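Structure first, commentary second.
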Amino acid sequence: MRAIVYASNIRTGGAIGGAANLLDTLPDFYDTHHMNWARNWFVYVSDEIASEMSRLDELRGLGVTVVQRTDPANLQTLRRRSKVWADVRLVLRGPDYVGRMASQEILGFADRSILTPAVQHQPILDRSKAAGRNAIKRLLLSRYDAFLTQTDSMAKELSARVPGRRVWVFPNAPADIFLGQDPRARPQRIPQVVNDRALVRLFYPARGYPHKNHQIIPKTAEILRAKYGVELQVVCTLRPDELKSLGLENALGIAAVGTLSRAECYDQYRLSDGVFFPSLNETSSVTPLEGMALGLPVFSSNLEFITDISGSAPYYFNPTDPAEAAALIAGYYANAPADSGRLSAGAAFVRALPTRLDTTRGHLDAMRYISGFSGAPDNSASSA
């Protein structure tokens, strides 16, 4: 039996770290019943994922065929679109455009905008293009035999859109680097004072997609400066081209540092006073959980897709109301020391989630089950 884990299409955003996180745990399961039901394993990765992985050579040493995006074998796969040659394929994030490669295919679904598009701040032409792409992606959903996602609410939406398919839920979890330190050991950061104003430094790792809602940052910074005497600096992982496309070049409150690796993101969290997460639309994001794991205050959208992920520890605001966001941030930092009990509860919440090993085990068991073997994924997943 041939089994494929496909991640060659993941080249940008937080999905790179998530995929590397999962694939680095495959060697832990190779000689167990979670993987030995298949005789041949194939792992397709992008170069971006490969650069984040620490156990890629170990996978090769176990006999797994690893194909990187730039390898000739991957180009050959792209040329033979829709040719079925394996028994089961798990697409970690998609939908993808390669075509069916296996008799049974599972999609890891993480693009909520396909089902519930958020098009704020986009010009009419860009909105039209996005609507066209999403329409194609919705059509592609019907070719998959089962789905994996991170929240119960997303599972329900998928089941309504593509009825009759099995949907498993595996909650997101931060990488080990975010869980290895006791958050209680982190000293409380007191915002610096610059020009008689408190300087609050928040971190927001996100690509320049419209639904990430970076436009709220300058408005929030302006209100904080004028009304509360607080200087806001949000460190964003935006590239120069993204700043330009969003119209945020030289915008107040934005300090753009470009694309960062997972380790570099960790360093930015550690240098920050908190996390800012004003997103308008997510399937599941690990950003609030990473901040909570490190004992940081998280200022986040109050929308259901975030509260489902993060629980009650973050400080929630209406992501369309910069005045509410400004009041929340100013109120928090005006009452030092920070609410350590709430921060500790957030760190405990993250550590009670399924581990990355649980998540990988569930993914592998879903592949095993849909291939005809007995035993659905265990209690690290639920089925919708």
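The values are calculated or read from the model by the stated rules, or taken from the named source; none is laboratory data. Predicted, not measured: the structure shown is a model, and the values here were computed from it. When we count neighbours, we look across all protein chains shown, and the Cβ atoms used for this are built from the backbone with ideal geometry, even at glycine.
Miscellaneous remarks
- Wholly enclosed strands (runs of 3 or more DSSP E) of the range 252-351 bearing at least 2 residues surrounded by 15 or more Cβ atoms within 10 Å (Cβ to Cβ) and of a type in the set (Ser, Thr, Tyr): 298-301, 315-317
- Selection of the range 282-297 for residues being aliphatic (A, V, I, L, M) and in contact with a Phe, Trp or Tyr (Cβ under 7 Å, 6 or more places away or on another chain) yields MET292, ALA293, LEU294, LEU296.
- Qualifying positions in the range 186-224 - more than 28 Å from the chain's Cα centre (by Cα) and at pLDDT below 95: ILE190, PRO191, GLN192, VAL193, VAL194, ASN195, ASP196, ARG197, ALA198, LEU199
- Helices (runs of 4 or more DSSP H) contained in the range 14-102 and holding at least 3 residues surrounded by fewer than 20 Cβ atoms within 10 Å (Cβ to Cβ) and at pLDDT 95 or above: 56-61
- Check on PRO171, modelled with pLDDT of 80 or more and either within 23 Å of GLY17 (Cβ to Cβ) or small (Gly, Ala, Ser) (or both): yes
- Checked against (1) touching a strand residue (DSSP E or B) at 6+ places or on another chain (Cβ under 7 Å); (2) part of a helix (DSSP H, G or I), VAL167 passes all but a single condition, namely (2).
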